[in-house]
Amino acid sequence: MPTTQKHFRPSWDEYFMAIARIVATRASCDRLHAGAVLVKDKRIIASGYNGAPPGLPSCDEIGHLLEDGHCVRTIHAEHNVLLQVARLSGSSTEDSTLYATYSPCIHCAKYLVAAGIKRVVFGKVYRNSDVIEYLKSAGIDVDIYQENKDWLGQLQDLFSGEVDEKKAKEGKVKMKVVK
């Protein structure tokens, strides 16, 4: 008898962190490919990745612009996600959750506090773990995302081939054309 693998339905954190990782693939500064997704009421209101401002050349095109060991040509993913909300969505960032591939730098942490973000979930600490206490002292809940091997396995399967063709068990759908 054939075994059927049960569909794994990810938690909200797993779902949004997977999207943040996909967003990070658009990053255009090879010093760090970071991605962020801003969520309110379990709905994505914006996404961002690290890269040059719109219309300006990126690090991948002309190289890095370094000041004190930091590339300043790019806008960080966390900052970009807030700018996208301001420019495009018309939504409020108040009480939203930020999902990010890496912990924010201190500058982005300040922007998150000022924007009223209530929770930050990130995959890995990047450079400065003190930013976690900074965010917590501002009343922001901070969680380091824990990978789920079952979910990672399903993601690998999901992206390892073409989209499956599925047919309804009820048979072919017939449409009646009304004239």
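The values are calculated or read from the model by the stated rules, or taken from the named source; none is laboratory data. As the structure is a prediction and not an experimental result, all values here were calculated from the model. Cβ atoms come from the backbone with ideal geometry, glycine included; neighbour counts cover every protein chain shown. Just the protein is used for accessible areas: all its heavy atoms, side chains included, with ligands, DNA and RNA removed. Shrake-Rupley method; radii C 1.70, N 1.55, O 1.52, S 1.80 Å.
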With LYS124, LYS136, LYS118 as the choices, which residue is touching a Phe, Trp or Tyr at 6+ places or on another chain (Cβ under 6 Å), closer than 30 Å to VAL72 by Cβ and basic (Lys, Arg)?
LYS124
Failed condition for TYR126, given (1) of a type outside the set (Lys, Arg); (2) assigned to a helix (DSSP H, G or I); (3) open to solvent by 60 Å² or more (accessible area, probe 1.4 Å), with all others met?
(2)
Selection within region 12-21 - out of contact with any strand residue (DSSP E or B) (no Cβ under 7 Å at 6 or more places or on another chain) and either over 15 Å from GLY153 (Cα atoms) or touching a residue at least 60 places away in the same chain (Cβ under 8 Å) (or both)
TRP12, GLU14, ALA18
Right, VAL142: surrounded by 12 or more Cβ atoms within 10 Å (Cβ to Cβ), touching a Cys at 6+ places or on another chain (Cβ under 9 Å) and not in a loop (DSSP other than H, G, I, E, B) or not?
no
What tally of residues in region 78-105 results from selecting those that are open to solvent by 70 Å² or more (accessible area, probe 1.4 Å) and either touching a strand residue (DSSP E or B) at 6+ places or on another chain (Cβ under 8 Å) or modelled with pLDDT under 95 (or both)?
6
Which is over 21 Å from PRO10 (Cβ atoms), in a helix (DSSP H, G or I) and either open to solvent by 80 Å² or more (accessible area, probe 1.4 Å) or in contact with a Ser or Thr (Cβ under 7 Å, 6 or more places away or on another chain) (or both), of GLU133, GLU165?
GLU133
Residue pairs within 7 Å by beta carbon, gap of at least six or interchain, first lying in region 39-60 and closer than 18 Å to SER28 by Cα, second among the hydroxyl-bearing types (Ser, Thr, Tyr) and surrounded by 20 or more Cβ atoms within 10 Å (Cβ to Cβ), listed first then second, are ASN50/THR74; GLY51/THR74; ALA52/THR74; CYS59/THR74
Which is under 20 Å from VAL121 (Cα atoms) and of a type in the set (Ser, Thr, Tyr), of SER28, SER92?
SER92
List pairs: first residue in region 102-125 and more than 13 Å from MET17 (Cα to Cα), second residue of a type in the set (Phe, Trp, Tyr) and in a helix (DSSP H, G or I) anywhere in the structure, Cβ distance under 9 angstrom, at least six positions apart or on different chains.
PRO104/TYR111; ILE106/TYR134; ALA109/TYR134; LYS110/TYR134; VAL113/TYR134; ILE117/TYR111
Does region 69-87 hold any residues that are hydrophobic (A, V, I, L, M, F, W, C), in contact with a helix residue (DSSP H, G or I) (Cβ under 7 Å, 6 or more places away or on another chain) and within 15 Å of GLY116 (Cβ to Cβ), and which are they?
LEU82
Look at region 14-54 and say how many of its residues are aromatic (Phe, Trp, Tyr), more than 22 Å from CYS71 (Cβ to Cβ) and open to solvent by 20 Å² or more (accessible area, probe 1.4 Å).
1
Just the residues that are part of a helix (DSSP H, G or I) and either open to solvent by less than 70 Å² (accessible area, probe 1.4 Å) or on the phi > 0 side of the Ramachandran plot (or both), please, taken from region 57-77.
CYS59, ALA77
